[in-house]
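Accompanying notes for the structure given below.
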């Protein structure tokens with residue numbers, strides 16, 4: 001049987017591996033070439049939900065407030081665009097934040 005210290009080391013290594021894998025996945029998912037759509041309308045439907053989910057996840061738990069803006073590049077017909085979600089938060093119990101409103105727009109990439 002392993003000692004407490006050995007088990008703590010294994011847990012710490014597993015957490016570090018998980019964090020590295022999550023960072024790699026986030027980097028992969030943020031690339032425009034992984035978001036190719038047939039039209040801007042299709043992209044809008046998918047990306048607004050994706051960015052809202054990110055904002056929601058970021059404000060989970062006590063004292064957590066998400067970013068004011070979320071951006072995701074995407075491609076339609078070889079042209080790179082940017083989906084932008086502007087978010088306003090509110091809170092209840094002066095601790096827990098939630099999305100009060102959000103506006104999604106599409107911009108051409110400069």
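Values quoted throughout were computed directly from the atomic coordinates according to the rules given, and no laboratory measurement underlies them. Just so it is clear, the structure is predicted and the values come from calculations on it, not from any experiment. Using ideal geometry, Cβ is built from the backbone for each residue, glycine included, and neighbour counts are taken over all protein chains shown.
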Spin-label model distance (nm) - residue 8 vs residue 71, 7 Å beyond Cα toward Cβ: 4.3
field: Estimated FRET transfer efficiency when R0 is 35 angstrom, pair residue 107-residue 20 (beta carbons, to 0.05)
entry: 0.65
- prompt: For the Cα atoms of the chain, what angle does the longest principal axis make with the long axis of helix 40-58, in degrees from 0 to 90, nearest 10?
  reply: 30
- prompt: Using Cα pairs under 8 angstrom and six or more residues apart, how large is the relative contact order of the chain, in percent?
  reply: 22
query: Using the reciprocal of the averaged 1/r over all distinct C-alpha pairs, how large is the Kirkwood radius of the chain in Å?
result: 16.2
- line: So the FRET efficiency between residue 31 and residue 91, C-beta based with R0 = 25 Å and rounded to 0.05, is 0.15
Cα long-axis angle, helix 4-30 against the chain (0 to 90 degrees, to the nearest 10): 10
